[in-house]
Amino acid sequence: MANNVPTSEPNLTFLSVQGLSKRYVAGGRWHRRVHIAAACEIDFEISKGKTLALVGASGSGKSTVARCVTRLERPDSGNIRLDGRDIAQLSHRDLALVRPSIQIIFQDAVTSINPRFSAAEAIEEPLRIQGKNRSERRHIAEAVMQEVALSPAWLDRSVMAFSGGQRQRLAIARALTTQPKLLVLDEAFSGLDLSTQAQIANLLLDLQATHALTYLLISHDLTLVSNMADSIAVMSHGRIVEQGSAQQIVTDPKHEETRKLLSSAQTAPQLARRAGASA
Amino acid sequence: MDRSTDNLLRIQGLDVTYSQPNGERLSALDKVSVDLRPAEVLGILGESGCGKSTLANAILRLLPPHAQIENGQILFQDRDLLQFSRPDLRQIRGRVISIVPQEPALSLNPVMTVGTQIAEVVRAHLPLTSKQRRERVSDLLWEVGFDQPAKIYNVYPHQLSGGQRQRIVIAQAIACEPALLIADEPTSKLDGPLRSEIMDLLSGLRQKHGTAILVISHDLTLMAELADRIAVMYAGRIIEIGARREMFLRPFHPYTQALLQLEQSSRATVPGTKRRFPQIEGELSSGAALPAGCRFEPRCPDRMSTCVAQCPPEVAPEPARSVSCFKYGE
């Protein structure tokens, strides 16, 4: 499957982030204003068709980076080069042209899809914005449903009739309608059960292979993402504290934060075994 | 073993369906029967879409309007909650039975301080003066692990982290010391350290107040830590029930076996290889596409010809254990 990807230019950088910083202001009005550096001097690169996993504990700033890369936030400083073009400070009008090639999938498909929509409405919304007509929209919707292994016959069902894992697939299908080049997956499969998690992860691996998609994978679960990622960057308190190939990070962690993430993730099966043996 | 007298909660033959916009009625729960003793922690384990949350919400009749309870009884202290009037139910909700909802962020009011929101629950059920109420809220905040209750009282939900919000919702749920606490995926959105915090909190509650807990989750770690007994759900049915230790040591149902196997193998990842993750092949059947016989049959490695047409009855391969699978007799 991996052979479908043209690998003639393996080191072609697709996304390059340099010196990205974002501060939030907390308080004000009644409380003292506090500036919180959510992301500080973030540097990383991802080659076309590759996956970088950005891992860290809750509150480490991963999602801020995701929101800046997708330009849901405007960064305070730094460059975000997408296929060579800096999008860090683009205006809304210019961004509209770039947006189709970047898509973000959130942890919670339940809250990111309008619950009153049918599956078709949810999936076709980006196409409606692009001004596609009814039959074109339907045609694309059916195709992306098949890509995420959902039956096109379910398009007229309410999104609420889908289970958690299926809704996450709907979110992926919706993202695929604009033919994106970069997918930002913000905890896209945490909170799902193991089998569903595996199905979503496998689906993403397949999609990457067939469409040469570039992934920025945001997660707190280092062992889960290490399998999918080519490289890993570890964040702590708004900074990247360690970065390297997936192999390096997992087998030879240098930073304390990395070790902590590795050990907390590995306790799950140990615990299950302990409960079976003791009690 | 007749346990009918000392049950706190007894659910019998519960059928729930959801109406679709096109008039279709999809079955979410099919003849679900389960019971819970006082101070017991029962885990409901299953993958997403199996009907766990429907079961949790059905107990307090919190199902959305397009859901119908078609059949069955929900006996709480020998009274059927399904026969209760709305005002009677309000006396039960939050006071005798309370629920920790799946999304703390969505169930808290963003423009009210968390202290006020906990006090609301207290005011609805307990005859306290406003000063006593404030003290009660402080005690509750302390109990769920905030060491500066006075500070937290005046904070808004968005100022708290996910784990802290989860604890606020738990404080609301235990405000009136309920006999039964229903916790729907209490840890699924939290990372490692925060998860153990919530697990400790829940097991502490049971020890201190004798609260029975119905914990709904797909998380084997949570089950291993918390549950006395585990009921495994698949596609709207309970397919196996047993004590925690036995369930982990000797899972009988092929689905339970597959779940445990998956937990072991999915962590054995090789960095950077993009190897596919182990999964239970096939998909959870739902709604209109439910098989006529055993619902796990299409994915079952041990399927037999009888499984296709007939629904496997509950059998007891060992004491205090029940499993619905033809492998263990009819």
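The values are calculated or read from the model by the stated rules, or taken from the named source; none is laboratory data. The model shown is predicted, which means the values in this text are computed figures rather than measured ones. Please note: Cβ atoms are built from the backbone with ideal geometry, for glycine as well, and neighbour counts cover all protein chains shown.
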Selected residue (criterion: modelled with the highest pLDDT) from residues of the stretch B:211-221 that are under 19 Å from B:Q264 (Cβ atoms) and assigned to a loop (DSSP other than H, G, I, E, B): B:H218
Before we move on, is A:S101 polar (S, T, N, Q), buried (at least 22 other Cβ atoms within 10 Å of the Cβ) and in contact (Cβ under 8 Å) with a residue 24 or more places away in the chain? no
Of the conditions (1) more than 24 Å from A:S135 (Cα to Cα); (2) in contact with a Lys or Arg (Cβ under 8 Å, 6 or more places away or on another chain); (3) touching a residue at least 40 places away in the same chain (Cβ under 8 Å), A:L185 fails just one. Which one is it? (2)
Within the stretch A:95-118, track down each residue that is closer than 16 Å to A:E187 by Cβ, of a type in the set (S, T, N, Q), touching a Ser or Thr at 6+ places or on another chain (Cβ under 9 Å) and within 14 Å of chain B (Cβ to nearest Cβ). A:Q107
For B:I230, are the conditions met, namely being in a strand (DSSP E or B), buried (at least 22 other Cβ atoms within 10 Å of the Cβ), modelled with pLDDT of 95 or more and away from every other protein chain (no Cβ under 14 Å)? no
Every listed condition ((1) over 26 Å from B:V41 (Cβ atoms); (2) surrounded by fewer than 20 Cβ atoms within 10 Å (Cβ to Cβ)) holds for B:F326 save (2)
B:A224 fails exactly one of (1) assigned to a helix (DSSP H, G or I); (2) over 27 Å from B:V323 (Cβ atoms), namely (2)
Restricting to the stretch B:245-270, what's the tally of residues that are modelled with pLDDT of 80 or more and facing another protein chain (nearest Cβ under 7 Å)? 5
The stretch A:206-226 residues that are over 30 Å from B:L194 (Cα atoms), paired with ones that are among the aromatic types (F, W, Y) (beta carbon under 9 Å, 6 or more apart): A:Q208/A:Y215; A:T214/A:F14
Is it true that some residue in the stretch B:294-301 is of a type outside the set (A, V, I, L, M), crowded, with 18+ Cβ neighbours inside 10 Å, touching a residue at least 24 places away in the same chain (Cβ under 8 Å) and at positive phi? no
Buried (at least 17 other Cβ atoms within 10 Å of the Cβ), assigned to a strand (DSSP E or B), more than 12 Å from chain A (Cβ to nearest Cβ) and not acidic (D, E): is that true of B:L29 in this structure? yes
Of the candidates A:L90, A:L194, A:L182, the one satisfying the condition of being aliphatic (A, V, I, L, M) and at pLDDT below 90 is A:L194
Within the stretch B:74-168, helices (runs of 4 or more DSSP H) holding 1 or more residues that are closer than 19 Å to B:L63 by Cβ: B:86-92, B:104-107
State which residue is nearest to the other protein chains (Cβ to nearest Cβ) when the search covers only the stretch B:166-210 and only residues that are modelled with pLDDT of 90 or more, over 18 Å from the mean Cα position of the chain (by Cα) and surrounded by 20 or more Cβ atoms within 10 Å (Cβ to Cβ). B:I168
Being within 30 Å of A:A229 (Cβ to Cβ), among the β-branched types (V, I, T) and within 14 Å of chain A (Cβ to nearest Cβ): is that true of B:T221 here? yes
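Yes/no matrix, rows are residues, columns are (1) of a type in the set (D, E, K, R); (2) free of Cβ contacts under 8 Å to residues at least 40 places away in the same chain; (3) surrounded by 18 or more Cβ atoms within 10 Å (Cβ to Cβ):
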residue	(1), (2), (3)
B:Q68	no, no, no
B:I74	no, no, yes
B:S85	no, yes, no
B:S98	no, no, yes
B:L108	no, no, yes
Of all residues in the stretch A:163-196, how many are at the interface with another protein chain (Cβ under 8 Å from one of its Cβ atoms) and of a type outside the set (V, I, T)? 10
Among the residues of the stretch B:271-319, how many are more than 13 Å from chain A (Cβ to nearest Cβ) and part of a loop (DSSP other than H, G, I, E, B)? 19
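Among the candidates B:I216, B:I239, single out the residue that is in contact with a His (Cβ under 6 Å, 6 or more places away or on another chain) and more than 9 Å from every other protein chain (Cβ to nearest Cβ). So that I can check it myself, show each step before the final result.
Values: B:I216 fails: in contact with a His (Cβ under 6 Å, 6 or more places away or on another chain).
The match here is B:I239.
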